[in-house]
Structures are given as C-alpha cells and as structure tokens.
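Every read-out reported here was derived from the displayed coordinates using simple, explicitly stated rules and does not represent laboratory data. Quantities reported herein were computed from a predicted structural model and do not represent experimental measurements. We place every Cβ from the backbone using ideal geometry, glycine too, and count neighbours over all the protein chains shown.
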Amino acid sequence: MMNGYDKLLFKLLCWIIFQCGRLVFCAVQKINWTLNGTHRQLEESRLDKNYDKCVQVMDIVTYHSCDALTKVSRRDFLLTHNRFESPDYVIRNSHVTLLDIEDETAIFVESLPEKHLWRSEVNSFYKAAQVKASKSSLRSVSYKWLNVFLFSLIQMN
C-alpha cells in the first residue's frame, strides 16, 4: 500500500519521465516540421497578411500533468500539427473554450459539441473537464490576431 509520500513521488517520477519523452518527441517533431514545410507555414501564419490562417490546430497525442486542477500548460501535452484555421472558428463555436494564456499565445481546446463543460457533466472542476473532454485538438491564437478579431467582432455588433 502506498502512503502519501510514495504517491507524490510516483506522480513526480511519472511527470519527469513524460517531460523527458516530450523533449525527445519535440526535437524529432521540429526536424520533421522543418523538412515537410510546417515550420515555414507556422512562421508565415504570424505575418499580417495571413489573418485567415493564423490559428494552428494541433491533435493531442497524449496528456500528463501532476495537477490538472491548478495549472494546465502546453507542456503537459504531446501535440502534432493538423492544419491552420481562421480565428473565426475559435470565437464562434461554443465547444471551443479558452484553456490558458501563455507568453503571447491564447490556447483553446475543442470538445465535442454535445459536451456541456459548464454543467459539470464531465468533471466538477472546469479545467479538468476541459482536458478530459478535449477532442484531439488544441488551438493557439496569437494575442495580436485575437485582438484584431475581437475588435472587428465588437464593431459588427
């Protein structure tokens, strides 16, 4: 039987192993993105002329966090590139919710449309519900484009 310290140590060890594996995965992914042109597309998505393709959609391979209730970060996920989208998709769909804000990026997760995270159907804690119900994609929007889109949305109304 594991006592409290053993459980904590086991969680910490699992997290360290996950982070080491994530480092290897990200290094291989960076090489792959450079070779297949995804890195170039990512850089171009940040240019002013590419507003319609400034949101990177990434599939979630796996997730691990020591404590999903306090802080969920991009570093808790293994992600692969899927496609680029317009910010309209993020803002106009109620099943896409803000997960976190890091550096100069807003990070969103997409759950299945029939999942009502706010009703506590998935988990009683909202952050944990977001992670648990996320539908294999994570979206990130730079602050610059998010501000531009929200300003245009306000002007429309």
Taking θ = phi - 60°, what integer Hz values does the Karplus form 6.51 cos²θ - 1.76 cosθ + 1.60 yield along segment 33-49, in sequence order, with x for Gly and Pro? 5, 5, 6, 8, x, 5, 4, 5, 4, 5, 5, 5, 5, 8, 6, 4, 6
Based only on other Cβ atoms within 10 Å, what is the fewest-to-most ordering of K53, K7? K7, K53
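Quick one: order E110, E85 by neighbouring beta-carbon count within 10 Å, fewest to most. Working shown, then result.
Details: E110 21, E85 18.
Fewest-to-most Cβ neighbours within 10 Å comes out as E85, E110.
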Label points 7 Å out from Cα along the Cβ direction at D6 and L23: separation in nm? 2.9
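I want the local charge near T62. Using Cβ-Cβ distances under 11 Å, sum +1 for each Lys or Arg and -1 for each Asp or Glu among the other residues.
Details: positive: R22; negative: D59, D76.
Neighbourhood net charge equals -1.
Fewest first, what order do M58, M2 take by the number of other Cβ atoms within 10 Å? Can you show the working numbers first?
On the way: M58 19, M2 9.
By the 10 Å Cβ count, ascending, the order reads M2, M58.
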